[in-house]
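Asker: Submitted below is the structure of interest, expressed as structure tokens.
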Amino acid sequence: MIAPRLERRLAGDADALPASLHPVLRRIYAARGLSAAELELELARLLPPSGLLGIDAAAARVAQAITSGEGIVIAGDYDADGATGVAVAVAGLRSLGAARVSYVVPDRFRMGYGLSPALAERAAQSGASLLITVDSGISSHAGVARARALGLSVIITDHHLAAAALPDADAIVNPNQPGCTFASKHLAGVGVMFYLLLAVRAQLRAGGAFATRGEPNLAELLDLVAIGTVADVVRLDHNNRILVSQGLARIRAGRARPGIAALLQVAGRAHARLGSLDLGFVVGPRINAAGRLDDIRTGIDCLLAADLATALPLAQQLDRFNRERREIEAQMREEALLMVEGSAATGVCVFEEAWHEGVVGLVASKLKERLHRPAIAFARAQDRGLLKGSGRSIAGLHLRDALVLLDARHPGLVLRFGGHAMAAGLTIAEADYARFALAFDAICAELLDDDALARVVHTDGELDAAELALDTAQALEMAGPWGQGFAEPLFEGRFRVLGHRVLKEQHVKYRLDHAAGPLSAIHFGGIDRLRERGTLHATYRLGISRWQDSESLELLIVDVCD
């Protein structure tokens, strides 16, 4: 792994933030440029749905379908954002009075991503007259055309980047479509669907639909919205932090839907202390594992389960999928690291004929982290002669734009591709792999300079002896929510090593000395950077070790710096 160059975040105006905040938290928020208003995370602060282009037409069509008793079919996706988006759509539409709501999702290995003609045909078989996409559809020209030819009205809800030419849908709701001025461009797919439901409820309210029955509380869906938003690694701007904070509050209060409670139970996590990052590293991967290895419907059905007894067996199955995924990923990762050992490539490509198609994205992510280079991992597709790749990028290289440039210079080399700045998927001919790898490396070398290729880690500086304490860790644990674009606090420091233990042959448990006194620390996966004695210069986060009814401070080492 490339040693990091540490840079401290610029100090902000902490005095402008409420004095009631923990002083370390005030400093951290100020360094992230927050104003006092941006600390307000009540639902009333959400941007209104009216700012989304196309939402009025979409909401009117959905309200009409509900009022007239039409069947509605949701076309989803096979990741955590897509799964939570489907669950939000199905549960939300039923609460709004839709009599017949069903869903379809593509088979990752046979259909690929998005609303394909084949998925449109499956949707038509449901007997519905209205099809609504979730987390997909903005590039599904053929699928939309096929659905409409089969007599379906089509509403697209998506958040992926749109091309100049849009599918011929009845309505499109996407903050990233041309002409949309919605201030938050970072809504996840599940967030866009939640916004559509808010607009549909307003339409129904205006039509008197709730005159004789209670109006549904759509905030009950925010636990799902929070999970999908964090798991999809979208930027946590103010609007998204409101959605995540409100959803997380429901989970912490024990008001999560049964499927989420079951997933936390099988993961051994207490809901009361759940953090935003747990949504991405504990809940999200268990949902994703179904889509990677088997059928995402297991995850969706778990999220939609009416009670814990129904949800628990599904959550246990998702947990088994996740353990299997980890084993497959570990083997693939080790093989990939051997392939790139000593490589001087700027843009890294790896391929092994026995690799699992559903796990290549995780391998690309690990390579990107280890090498600090854009990386694409390929596996053989179900279609003979084709490879499916999944890529991850670093700051400074917009991966989808890089593929657009590559496609323009080498027409026909990439058969299909899509994605965004930090992640993309693509299909190429197996016979073209070597040529693609050279072309991708050349594009990356052209677009990335030495500064972009340096591994810079931004920290929140050092903590003094008084700040390096349990109360600071407790304040940070309940703050945030942290995530993409709103980084969890990361500190740096030098400590004297008093002793260590190696756990499971890969993790290191340290006893450290500091002006604050003796400290406990753990470095997960840190055996390769073990410091047996002397000074340990490290970046770390503050954690809390809990045993029975006691709590103590524990440093979570992220990197050894020299």
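Asker: State, to one decimal in nm², a quarter of the convex hull surface area for the C-alpha atoms of region 235-333, i.e. the direction-averaged projected area. Mind showing how you got there, number by number?
Answerer: Details: hull surface 26.9 nm².
So the mean shadow area of the Cα hull is 6.7 nm².
Asker: Here's something else I'd like to know. Whole-Hz ³J(HN,Hα) for each residue in region 175-184, computed from phi via Karplus 6.51 cos²θ - 1.76 cosθ + 1.60 with θ = phi - 60°, x for glycine and proline: what do you get?
Answerer: Residue by residue, region 175-184 yields x, 9, 7, x, x, 7, 9, 3, 5, 9 Hz.
Asker: How are the alpha carbon pair distances in region 342-451 distributed across 10 Å bins from zero to the largest one, expressed in percent?
Answerer: 16, 54, 28, 2, 0
Asker: Would you please state which residues of region 134-169 a label at ALA408 would reach in this model, taking the label point 7 Å out along Cα→Cβ and a backbone N cut-off of under 16 Å?
Answerer: 163-165
Asker: Now a separate question. Under a plain spin-label model, where a point goes 7 Å from the Cα along Cα-to-Cβ, how far apart in nm are SER102 and LYS504?
Answerer: Label at SER102, label at LYS504, 4.3 nm between them.
Asker: Same structure, new question: Once each part is reduced to its C-alpha centroid, what is the distance from region 299-324 to region 1-78 in angstrom?
Answerer: What the calculation gives is 28 Å, centre to centre.
Asker: Given R₀ = 30 Å, FRET efficiency for ASP451-ASP383 by Cβ-Cβ distance, to 0.05? Walk me through the numbers on the way to the answer.
Answerer: Numbers: r = 41 Å, r/R0 = 1.35.
That pair, ASP451 with ASP383, gives E of 0.15.
Asker: Given 25 °C and 0.890 mPa s, how large is the Stokes-Einstein diffusion coefficient of region 264-310 in µm²/s, with Rh as the Kirkwood radius over Cα pairs?
Answerer: 212 µm²/s
Asker: Here is a further query. Multiply the residue gap between ASP471 and GLU341 by 0.36 nm, knock off their C-alpha separation, and tell me the result in nm, one decimal place.
Answerer: Working: separation 130, 0.36 × 130 = 46.80 nm, distance 4.32 nm.
So the chain would gain 42.5 nm between ASP471 and GLU341.
Asker: What FRET efficiency comes out for ALA183 versus ARG533 if R0 is 51 angstrom and r is the Cβ-Cβ distance? Round to the nearest 0.05. Mind dumping the intermediate values first?
Answerer: On the way: r = 53 Å, r/R0 = 1.05.
Efficiency, from the Cβ-Cβ distance: 0.45.
Asker: Please list, or write none, the aspartates and glutamates whose alpha carbon is within less than 12 Å of the alpha carbon of LYS509, excluding same-chain residues fewer than 8 places away.
Answerer: Result set, ordered by chain and number: GLU532, GLU554.
Asker: Taking every DSSP beta bridge with both residues inside the chain, roughly what % is antiparallel (nearest 5)?
Answerer: Taking every DSSP beta bridge with both residues in the chain, the antiparallel ones total about 65 percent.
Asker: What GluC sites (Glu not before Pro) in region 300-341 are in a loop by DSSP, with at most 16 other Cβ atoms within 10 Å of the Cβ?
Answerer: Counting only loop positions with at most 16 other Cβ atoms within 10 Å, the GluC sites (Glu not before Pro) in region 300-341 are GLU341.
Asker: If you bin the C-alpha pair distances of region 416-514 every 5 Å from 0, what whole percents do you get?
Answerer: All Cα pairs considered, the percentages come to 2, 8, 10, 13, 13, 13, 10, 10, 10, 7, 4, 1, 0.
Asker: Would you work out the charge dipole size for the chain about its Cα centre, treating the Cβ of every Lys and Arg as +1 and the Cβ of every Asp and Glu as -1, and quote it to the nearest 20 debye?
Answerer: Result for the chain is approximately 760 debye, rounded to the nearest 20.
Asker: Using a Cα-Cα cut-off of under 13 Å, which aspartates and glutamates could be cross-linked to LYS388, ignoring same-chain neighbours fewer than 8 residues away?
Answerer: GLU352, GLU353, GLU357, GLU430, ASP432
Asker: Between ASP15 and GLU220, what is the FRET efficiency for a Förster distance of 35 Å, r being their Cβ-Cβ separation, to the nearest 0.05?
Answerer: Efficiency computed from Cβ-Cβ geometry: 0.35.
Asker: Extension gain GLN125-THR310, at 0.36 nm per residue separation less the Cα-Cα distance, in nm? Write down the numbers at each step before the final one.
Answerer: Working: separation 185, 0.36 × 185 = 66.60 nm, distance 2.69 nm.
Gain on stretching GLN125 to THR310: 63.9 nm.
Asker: Let me check I've understood the local charge: for HIS356, count other residues with C-beta under 9 angstrom from its C-beta, Lys and Arg +1, Asp and Glu -1. What total comes out?
Answerer: 0
Asker: When the expected Rg is taken as 2.2 N^0.38 Å, what fraction or multiple of it is the alpha-carbon Rg of region 457-560?
Answerer: 1.05
Asker: Using the Karplus equation 6.51 cos²θ - 1.76 cosθ + 1.60 (θ = phi - 60°), what ³J(HN,Hα) coupling, rounded to whole Hz, does each residue of region 529-544 give in order, writing x for Gly and Pro?
Answerer: Taking θ as phi minus 60°, the curve returns 10, 4, 10, 7, 7, x, 9, 10, 9, 9, 9, 7, 10, 8, x, 10 Hz for region 529-544.
Asker: Distance between the C-alpha centers of region 177-216 and region 445-482? Whole Å please.
Answerer: Region 177-216 and region 445-482 have Cα centres separated by 36 Å.
Asker: While we're on this one: Give the value in nm², to one decimal: projected area of the alpha carbon convex hull of region 47-318, averaged over all directions. Don't skip to the answer; put the middle values down first.
Answerer: Values: hull surface 52.5 nm².
Over every viewing direction, the Cα hull of region 47-318 projects on average to 13.1 nm².
Asker: Now for a different question. What ³J(HN,Hα) values, in whole Hz, does the Karplus curve 6.51 cos²θ - 1.76 cosθ + 1.60 give for region 76-82 when θ = phi - 60°, with x put for Gly and Pro?
Answerer: In residue order, the calculated couplings are x, 9, 9, 10, 5, 5, x Hz.
The numbers here are math on the coordinates, done by the rules we state, and not lab data. From a predicted model like this one, the values you see are computed outputs, not experimental measurements. Positions of Cβ are backbone-derived with ideal geometry, glycine not excepted, and every protein chain shown enters the neighbour counts.
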